[in-house]
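Written below as structure tokens is the structure these notes are about.
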Amino acid sequence: MRIIGGERKGMKLAEWRGLPVRPLRDRVRTALFDVLQELVPGAEVLDLFAGTGAVGLEALSRGAHRATLVELSLRVTHLIRENVQLLDYQDKARILPGDALELVRTLARQGEQFDLVFVGAPYNTPLGGEALHTLSEHLPLHPQAVVVVESHKKEPLSETSGPLQLELRRTYGETRLDFFRFVPTERSD
């Protein structure tokens with residue numbers, strides 16, 4: 001697996017086989033960043049269920065200001081750390097080991113806000129929808145932030161969650177990407 005665009009284009013990531021991860025295929029990652037391309041430069045990125053860290057690191061390669069990578073598995077966080085070092089992004093990438101939903105609440109309490117959030121929860125679990133709900137409830141988001149939820153194409157996912165409204169839904173093989181926009185209301189801003 002490689003970085004597919006930006007300043008680190010073509011650089012290889014560490015071997016992940018044997019670890020409990022499901023990396024976003026290059027074709028889907030390309031499509032994701034084709035949609036997000038104008039939003040990435042200078043963005044604060046939150047990568048939930050980060051796995052290899054490829055999405056957050058791809059965002060850094062394409063000009064994001066900083067990426068926060070959240071992963072529950074300690075074995076996988078070691079892989080993310082290795083990838084951060086391979087790409088020399090130690091000053092731009094922050095790795096937070098732990099439960100994604102709890103860390104969203106913690107980041108919100110600390111006043112952190114993100115421009116782009118990627119939710120790559122395990123397929124066939126309710127975690128993608130739960131992460132969307134937690135983000136909409138605690139709002140660690142700048143106004144007009146975009147939240148992308150990756151899921152299996154047959155998994156149900158609401159088109160709205162509080163002030164997060166579905167703007168675009170794309171399917172690539174078995175993978176679906178749902179793009180939500182944070183539209184502040186009087187209660188949420």
Discussion item. Which one, Gly98, Thr68, Val35, is farthest towards the positive end of the dipole of the stretch 26-182 when Lys and Arg carry +1 and Asp and Glu -1 on their Cβ?
Written reply: Val35
Fill in: Difference of contour (0.36 nm per residue) and Cα-Cα distance, Thr125 to Arg25
34.0 nm
Worksheet, complete the sentence: Percent antiparallel among DSSP beta bridges confined to the chain, rounded to 5, stands at 50
Worksheet item: Per q in 0.15, 0.26 1/Å, what log10 I(q)/I(0) does a Debye calculation on the alpha-carbon atoms of the stretch 105-181 return?
Response: -0.46, -1.27
Item to complete: Grab the alpha carbons of the chain, take their convex hull, and tell me the volume per residue in Å³.
Response: 104
Worksheet item: So, in Å, what gap is there between the alpha-carbon centers of the stretch 160-181 and the stretch 21-86?
Response: 18
Discussion item. Below 25 Å, Cα to Cα, which lysines can Lys153 reach? Residues fewer than 8 away in the same chain don't count.
Written reply: none
Practice prompt. Determine the dipole magnitude for the stretch 26-182: charges of +1 sit on the beta-carbon of Lys and Arg, -1 on that of Asp and Glu, nothing else is charged, the reference point is the Cα centre, and the result goes in debye to the nearest 20.
Written response: 120
Practice prompt. May I ask you to list the GluC sites (Glu not before Pro) in the stretch 114-189 that are in a DSSP loop and have at most 14 other Cβ atoms within 10 Å of their Cβ?
Written response: Glu159, Glu174, Glu186
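Rule-based calculations on the coordinates, nothing more; no lab input. On a predicted model such as this, the values are computed, not experimentally measured, just so you know. Note: ideal-geometry Cβ built from the backbone for every residue, glycine included; neighbour counts use all protein chains shown.
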